[in-house]
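The values are calculated or read from the model by the stated rules, or taken from the named source; none is laboratory data. As the structure is a prediction and not an experimental result, all values here were calculated from the model. A quick note on method: Cβ atoms are made from the backbone with ideal geometry, for glycine too, and the neighbour counts reach across all protein chains shown. Note: accessible area is taken over every heavy atom of the protein model, side chains too, but ligands, DNA and RNA are not part of it. Shrake-Rupley method; radii C 1.70, N 1.55, O 1.52, S 1.80 Å.
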Amino acid sequence: MATIGHRSAGIRIMSGRFALFAALSAVPLLLVFASVDGASARSQSFGPFRVDDARPDIVRLEGIIDNRAGLAYDSVRWSFPHARTLELASPGGNLIIALQIAQAVYRDGLATRIPAGDQCLSACAFIFLAGHEREASGKLGVHRVASAAGDVIAAQLILGDIAEFLDRIQASPQILRILLSTPFESMHVFDADEIVSLGINRSATTGSPAIGEKTVKTESVAALVRRCDELVASDLDDRRPDGIAGVPLESIEAAKAVAACEVAVKAQPGEVRLGFELARSLQADGSREEETLVQYREAAELGYPAAQTALGLLYATGRGVARDTAAAETWFNKAAEQGSAEARQVLHDLTEPTKTKEVEGRVLLGTLGGRTVQEVYDLVGANGDLSGPLPELVPEGTLQAANNQYAKGATRSDVIQSMRRAQDELVARIWRTRDPDLPVTSVNEFMTLASMIERETAVPSERPRVAAVFMNRLRKGMRLQSDPTVLYGIRGGKGASEDRPMTVSDLASYSPYNTYIIKGLPPGPIANPSGGSLEAAAHPARTDDLYFVSDGKGGHAFASNLSDHAQNVRLFRQSTANSSQ
């Protein structure tokens, strides 16, 4: 079962006289005055913050961001309200406190700076990114968020905070992907190219620089192109430059590759190979399927064989585009005509159509709601009472979930097509009767939401209420934060393992299906929804619920506000703790 958790920005940082009074009374040693060589060299310290009298417009953060740093920030802002720059030299610390400070920095309109020779790592990075003007001359580093003892619920809340904060400051989406792809034990330090391409530095006059704007001026076009080639060129592309070994798709460092190739394409827009390599980097990233298809198609239509083969594979597998054997064959043939060995090799793998037959007897496959298309194919393929090969994989969510009885000896192709026709008819009928005010605007969105409902609860009576939670969140622009979508993004059509709970590592894995990270619905269904889930999506309950969590008894506890949800989470923790004793 899923835990949907949303956390607000955290405890509001106190400001004004009340904050100073609290800081002085509750933490009497927080504010320290030091004097060296008379008044000319005096500095004032507020926990990890320091202001030198010689530079009263600059506040400097040094050392660990501890639990008192939020109060200290309020104190220093009260004492130095005209300071406009925050210098950072911190290895990190308490993430929640850092996010609180970051939001205050953003609210106060401060500039942030990492001086040469200093570093701002881990939690400190969020404070730096909050600056309205930013200058990273020292090291800026991030890594994946960790939670105490692998606490998934805590990780859900923290990840929601981080994603919302980065949205608010309009940070590049690549920054979140880099963060999630870097293990907690490691540190991703942004290099000079990334500082530019990700818009990390920002000036008052120009704001965030356009991709490649400064790089093109300061670095040769040849160097930019070479970097893209080294990171992305295909090891199967006969037209890759000399001296470039090539990289298999699964080995591409997606975040770096996308940034590098976007810069290279801007620097040399007429080079078809670079367009193909940008498409490969986008495919490796996995979150921009439409752009991937556009880039591959453009390079393919300009006659680039590796792009033609890649486009054929997309059509053959149905990844990011509707499966189309004829289109796949066309592009494979175009590439093969230009001598592509890879295209020739895959041409014969396309599935041939099969004939149908029926004999007496019945085959009962049972109820398949909640299973993925691949899981249904596995069941149909393993059934010895059916005949013939399976057809090409149909799109996710398009197979009938109930009343699956077929003539013994029927072909597997006929069985699949019968399931699909039945599901198409069911979806069309329920879609026509849907409530008029739903925040879903297409059949694909409707089926996607229904499939999420199907996977979230095994209790039929809960489905309309689960649907209401998702609908209410969509209307408010809140992330859906659904565990089954995260697992689908990891396992795809193979479905989710039922013998283990979701882990913090799962939660932090980036995919276009991770609804703790993306906004809105994932790109498509995650399972075959039953009629009950489709009805719930079409007619959700009329509630104000925004959250739900397992009640430890097979169902869920719902809440309309964060306070009640937190209480439900505590009760769930108590029930699981008691059951384990």
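Structural remarks
- Counted residues, region 164-188 - those being under 29 Å from residue 266 (Cβ atoms), free of Cβ contacts under 8 Å to residues at least 60 places away in the same chain and surrounded by fewer than 18 Cβ atoms within 10 Å (Cβ to Cβ): 1
- Residue check for residue 114: open to solvent by less than 10 Å² (accessible area, probe 1.4 Å), touching a residue at least 12 places away in the same chain (Cβ under 8 Å) and under 12 Å from residue 61 (Cβ atoms): yes
- Evaluated against (1) part of a loop (DSSP other than H, G, I, E, B); (2) in contact with a strand residue (DSSP E or B) (Cβ under 6 Å, 6 or more places away or on another chain), residue 186 falls short on exactly one condition, (2).
- Residue tally, condition under 22 Å from residue 116 (Cβ atoms), out of contact with any Phe, Trp or Tyr (no Cβ under 7 Å at 6 or more places or on another chain) and aliphatic (A, V, I, L, M), over region 75-96: 3
- Taken as a whole, the structure places residue 270 among residues that are under 17 Å from residue 295 (Cβ atoms), part of a loop (DSSP other than H, G, I, E, B), among the small types (Gly, Ala, Ser) and without any contact (Cβ under 8 Å) to a residue 60 or more places away in the chain.
- Residues in region 302-341 that are of a type in the set (Ser, Thr, Tyr) and closer than 22 Å to residue 393 by Cβ: 309, 315, 317, 325, 330.
- Test: residue in region 367-374 that is crowded, with 18+ Cβ neighbours inside 10 Å, of a type outside the set (D, E, K, R) and either touching a Phe, Trp or Tyr at 6+ places or on another chain (Cβ under 7 Å) or at pLDDT 85 or above (or both): yes
- For region 68-86, filtered to residues that are surrounded by fewer than 21 Cβ atoms within 10 Å (Cβ to Cβ) and touching a residue at least 12 places away in the same chain (Cβ under 8 Å), the residue that is nearest to residue 184 (Cα to Cα) is 68.
- In region 95-108, the residues that are open to solvent by less than 50 Å² (accessible area, probe 1.4 Å) and under 28 Å from the mean Cα position of the chain (by Cα): 95, 96, 97, 98, 99, 100, 101, 102, 103, 104, 105
- Helices (runs of 4 or more DSSP H) completely within region 503-581 that count 1 or more residues being of a type in the set (A, V, I, L, M), open to solvent by less than 30 Å² (accessible area, probe 1.4 Å) and modelled with pLDDT of 85 or more: 531-538, 562-580
- Evaluation of residue 161 against (1) closer than 22 Å to residue 62 by Cβ; (2) among the acidic types (Asp, Glu); (3) open to solvent by less than 30 Å² (accessible area, probe 1.4 Å) (one fails), failing number: (1)
- Whenever a residue of region 87-106 is farther than 12 Å from residue 70 by Cα, its partners that are among the polar types (S, T, N, Q) and open to solvent by 10 Å² or more (accessible area, probe 1.4 Å), lying with C-beta atoms within less than 6 angstrom and at least six residues away or across chains, give the pairs 92/122.
- Selection from region 399-427 of residues that are surrounded by fewer than 18 Cβ atoms within 10 Å (Cβ to Cβ) and in contact with a helix residue (DSSP H, G or I) (Cβ under 8 Å, 6 or more places away or on another chain): 402, 403
Rundown of residues vs (1) of a type outside the set (Asp, Glu); (2) modelled with pLDDT of 90 or more; (3) closer than 30 Å to residue 503 by Cα, yes/no style:
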site	(1), (2), (3)
11	yes, no, yes
40	yes, no, no
46	yes, yes, no
57	no, yes, no
60	yes, yes, no
73	yes, yes, no
80	yes, yes, no
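- Scan of region 267-305 for residues that are of a type in the set (A, V, I, L, M, F, W, C), at pLDDT below 90 and under 17 Å from the mean Cα position of the chain (by Cα), ordered by number: 284
- Taking region 386-487 and the helices (runs of 4 or more DSSP H) fully enclosed by it, the elements with 2 or more residues that are of a type in the set (Lys, Arg) and under 30 Å from residue 503 (Cα atoms) are at 463-476.
- From 264, 245, 260, residue being among the small types (Gly, Ala, Ser), closer than 14 Å to residue 226 by Cα, surrounded by 24 or more Cβ atoms within 10 Å (Cβ to Cβ) and over 24 Å from the mean Cα position of the chain (by Cα): 264
- Leading residue by the ranking (nearest to residue 536 (Cα to Cα)) among those in region 465-483 that are touching a His at 6+ places or on another chain (Cβ under 9 Å) and open to solvent by 10 Å² or more (accessible area, probe 1.4 Å): 465
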